[in-house]
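The values are calculated or read from the model by the stated rules, or taken from the named source; none is laboratory data. Fair warning: this is a prediction, and the values are worked out from it, not measured in the lab. Positions of Cβ are backbone-derived with ideal geometry, glycine not excepted, and every protein chain shown enters the neighbour counts. SASA here: full protein model, heavy atoms, side chains in, ligands and nucleic acids out. Shrake-Rupley method; radii C 1.70, N 1.55, O 1.52, S 1.80 Å.
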Amino acid sequence: MVDLPGQYRKIKNEIDMAMNSVIESGAFINGPQVRSFRENLQSYLNAGHAVTCGNGTDALQIALMALDLEPGDEIITTPFTFIATVEAIALLGLRPVFADVCPRCCNLDAKAVEKAVTPKTRVILPVHLYGQCANMDGIMEIANRHHLYVVEDAAQSLGSEYTFENGLVKKSGTIGHIGCTSFFPSKNLGCFGDGGAMLTNNPDLASKMQAITHHGSRVKYYHDMVGVNSRLDTLQAAILDVKLKYLDRYNQARISAAGFYDEALAGIDGLITPERMSRSTHIFHAYTVRTRAGYRDRLRNFLSERGIPTMVYYPLPMHLQKGYSGYGYREGDFPVAEELCSTVLSLPMHTELKEDQLGHICTAVHDFFKNNTK
Ligand SMILES: Cc1ncc(COP(=O)(O)O)c(C=O)c1O
């Protein structure tokens, strides 16, 4: 699914030098590389402020902590995401309110969001799943009309761009009040362990989030608010600062691999390749196809027998997760998300894929459908 050693080998000298300079300096916590990376990330994204933290899950939690929400306040989000999105909400005693997703882009459906708004709603939390932005024209309009915050989960979409109806172009993670991202190794911008960041154009929110990451403190040993301990290690920052220069190239490599898949898999009866939405670029954190009902697991086994790994992102929607049953949702509440969970399959996608590998994967997919659809 990923080839991190292959990616590392191409920039080994630069990375090794960056890591060695941290090791030799001994400044493992809050060394100068953290600030350098933060500033470079801000300018890459054209964001007012970036605040780094320990991982993408913390980023979501810290973002929500900064908004002065009350227990029981409602956060509208997608049931078709990684658990971290919902976990951060639940951990803070807030209430996740799900809205169904659009079957074509797998992201929050703005019409469903509108219907989910109640007097207790405070935040809309869209996830830009697989590397493509949700309908931010629709979501921002609803948020503005109801005076709600928008916190973007941009863990899978760093570098993708959204073009608003009025022509304004923004990078994902910089559209709402706060954007959260992850530098988990397999992410489009991945470090060699855990890392995350919050992005915002609001200086007060930035200062508050910065304090929260550091035990709620702005002045050492004085704690203005309840915080957490969530830092981006200097070593990870040094690695990310090198890799950030390559992010557009990495995303381009993913887009090219996706183009190969699109062409080679077009027209297979029983398989739908990922749709591109007109307003967002897609940076293919994952290349996720959909199969005819009942075929996904058979295709997955068939590919596995030929040595081709695949992943199901995600097999069970959030509203049906056992740990979250207390919110009272039932099977059938979000039919699109439920259907996607049983039909999506992500094929290998990373920056180092070669045409012969892609060809081998696509031939195997064709062979499966030739043998199984008659
Ligand atoms: C959509 C989404 N949100 C949040 C996260 C959490 O990021 P992390 O693993 O860095 O905590 C991930 C990462 O897996 C993710 O895919």
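Tabulated data for the structure shown
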{"read-out": "Solvent accessible area, Å² - Glu87, 1.4 Å probe, full protein context", "value": "60"}
{"read-out": "Globularity ratio of the chain, using Cα Rg and 2.2 N^0.38 Å", "value": "0.99"}
{"read-out": "For Glu70, solvent-accessible area (1.4 Å; no DNA, RNA or ligand), Å²", "value": "110"}
{"read-out": "The range 24-153: proportion of alpha-carbon pairs further apart than 20 angstrom, %", "value": "50"}
{"read-out": "Carbon plus sulfur fraction of accessible area for the range 62-140, probe 1.4 Å, in percent", "value": "56"}
{"read-out": "Cross-link table Lys208/Lys245; Lys12/Lys245; Lys10/Lys187; Lys171/Lys245; Lys170/Lys208; Lys243/Lys354, entries beyond 26 Å C-alpha to C-alpha", "value": "Lys208/Lys245"}
{"read-out": "Dipole moment magnitude, nearest 20 debye, the chain about Cα centre, only Lys, Arg, Asp, Glu C-beta charged", "value": "260"}
{"read-out": "Centroid-to-centroid separation of the range 6-36 and the range 67-135 [C-alpha atoms, Å]", "value": "36"}
{"read-out": "Two-site label geometry, Ala27 and Asp269: point separation in nm, points 7 Å out along Cα→Cβ", "value": "6.5"}
{"read-out": "Projected area averaged over orientations for the range 217-374, convex hull of C-alpha atoms, nm²", "value": "14.8"}
{"read-out": "Order of exposure, largest accessible area first, which applies to Val169, Val228 with probe 1.4 Å", "value": "Val169, Val228"}
{"read-out": "The chain, helix-only ellipticity at 222 nm - DSSP H runs n ≥ 4, -39,500 (n - 2.57), divided by all residues, nearest 500", "value": "-12000 deg cm²/dmol"}
{"read-out": "Gap separating the Cα centres of the range 255-296 and the range 347-374, nearest whole Å", "value": "12"}
{"read-out": "With DNA, RNA and ligands ignored, accessible area of Asp233 (1.4 Å probe; Å², nearest 10)", "value": "70"}
{"read-out": "Distance cut-off 16 Å, percentage of C-alpha pairs in the range 1-65 lying past it", "value": "65"}
{"read-out": "Farthest toward positive dipole pole in the chain [+1 Lys/Arg, -1 Asp/Glu at C-beta], among Val289, Gly216, Ala90", "value": "Val289"}
{"read-out": "Sequence of Val226, Val312, Val150 from largest to smallest accessible area, 1.4 Å probe", "value": "Val226, Val312, Val150"}
{"read-out": "Residues of type aspartates and glutamates that Lys370 reaches as a straight line, Cα spacing below 20 Å, ignoring anything fewer than 8 places off in the same chain", "value": "Asp262, Glu263, Asp269, Asp297, Glu305"}
{"read-out": "Inter-probe distance in nm under a simple model that places probes 7 Å from Cα toward Cβ, at Met225 and Asn301", "value": "5.2"}
{"read-out": "Cα lying deepest toward the dipole's positive end in the chain, options Asn372, Val113, Leu347, charges on Cβ", "value": "Asn372"}
{"read-out": "Relative contact order for the chain, counting Cα pairs under 8 Å that sit 6 or more residues apart, in percent", "value": "21"}
{"read-out": "Per residue accessible area in Å² of the chain, where ligands, DNA and RNA are left out and the probe is 1.4 Å", "value": "44"}
{"read-out": "Relative contact order (percent, whole number), the range 247-372, Cα cutoff 8 Å, 6+ residue spacing", "value": "36"}
{"read-out": "DSSP-defined antiparallel bridges as percent of all bridges, the chain, nearest 5", "value": "65"}
